[in-house]
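Let me begin by presenting the structure, written as structure tokens, before commenting on it.
The values are calculated or read from the model by the stated rules, or taken from the named source; none is laboratory data. Since the model is a prediction, treat every value here as computed from it, not as a measurement. Note that we place each Cβ from the backbone using ideal geometry, even for glycine, and neighbour counts take in every protein chain shown. SASA here: full protein model, heavy atoms, side chains in, ligands and nucleic acids out. Shrake-Rupley method; radii C 1.70, N 1.55, O 1.52, S 1.80 Å.
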Amino acid sequence: MSPTALVVMGVSGAGKTTVAGLLADRLSWPMAEADLLHPQANIDKMAAGTPLTDADRLPWLGIIRDWITVRAAQGESAVVACSALKRGYRDLLREAHARVRFVHVAGTRELIAGRLHLRTGHFMPPSLLDSQFADLEQLQDDEDGVTVDLRRTPEQITDDALAALGLRPAPQP
């Protein structure tokens, strides 16, 4: 089977990192947290409460695409936690030399806002949530992926995603 990349997507505060970590553990695949791949200028901009533009995001998305390609060249499948809010962003990620599939962790603005206000130590302030929802484009029927409901527990979300994508967890030692 050729390498696959699962991109766990959604707005900030949806639980992408948690779900991506669980998927990576269950599948025994390496994981990247795309927030850690942002150029410092992007981090500074968001920390100041200014939403990123497409021009800000495109180089960052290229870094993520290239990270996936490097893993695939090594014969590895991988999991990435990345907002991937717009179809155009997902199209760029699909340029990686792997099968790129999406897991959209979706929920209401109210639910996610409540979660964001409890989160500490992250550069993305809750004030930018509205701009994220404004940019969010739902997965389309022709996109390889699944939408999961964040009202379920992270473990249930992970189970739902694996089942919907037809992926089996790696045998545990």
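Within segment 15-35, the set of residues being within 23 Å of residue 134 (Cα to Cα) and open to solvent by 10 Å² or more (accessible area, probe 1.4 Å) comprises 15, 16, 17, 33, 35.
Within the group 20, 96, 81, 73, which residue is over 19 Å from residue 144 (Cα atoms) and touching a residue at least 12 places away in the same chain (Cβ under 8 Å)? Give the steps one after another, and end with the answer.
Working: 20 fails: over 19 Å from residue 144 (Cα atoms); 96 fails: over 19 Å from residue 144 (Cα atoms); 81 fails: over 19 Å from residue 144 (Cα atoms).
The match here is 73.
If you filter segment 127-173 down to residues that are small (Gly, Ala, Ser) and surrounded by 13 or more Cβ atoms within 10 Å (Cβ to Cβ), you find that the one that is nearest to residue 51 (Cα to Cα) is 131. Of the residues 113, 84, 96, only one is outside any loop (DSSP other than H, G, I, E, B) and not aromatic (Phe, Trp, Tyr); which? So the residue among 113, 84, 96 that is outside any loop (DSSP other than H, G, I, E, B) and not aromatic (Phe, Trp, Tyr) is 113.
Check segment 127-147 and report whether any residue there is within 19 Å of residue 22 (Cα to Cα), touching a Pro at 6+ places or on another chain (Cβ under 9 Å) and either free of Cβ contacts under 8 Å to residues at least 24 places away in the same chain or of a type in the set (Gly, Ala, Ser) (or both). No - not one qualifying residue is present in segment 127-147. Quick check: anything in segment 103-119 in contact with a Lys or Arg (Cβ under 8 Å, 6 or more places away or on another chain), of a type outside the set (Gly, Ala, Ser) and modelled with pLDDT under 95? Among the residues of segment 103-119, at least one is in contact with a Lys or Arg (Cβ under 8 Å, 6 or more places away or on another chain), of a type outside the set (Gly, Ala, Ser) and modelled with pLDDT under 95, which makes the answer yes. With respect to the conditions (1) at pLDDT 95 or above; (2) under 19 Å from residue 133 (Cα atoms); (3) surrounded by 19 or more Cβ atoms within 10 Å (Cβ to Cβ); (4) out of contact with any Ser or Thr (no Cβ under 8 Å at 6 or more places or on another chain), residue 88 falls short on a single one, namely (3). Number of residues in segment 57-78 that are open to solvent by less than 50 Å² (accessible area, probe 1.4 Å), in a helix (DSSP H, G or I) and farther than 12 Å from residue 89 by Cα equals 4. Scanning segment 99-110 for residues that are open to solvent by 20 Å² or more (accessible area, probe 1.4 Å) and either more than 24 Å from residue 159 (Cα to Cα) or not in a loop (DSSP other than H, G, I, E, B) (or both) yields 99, 101, 106, 109, 110.
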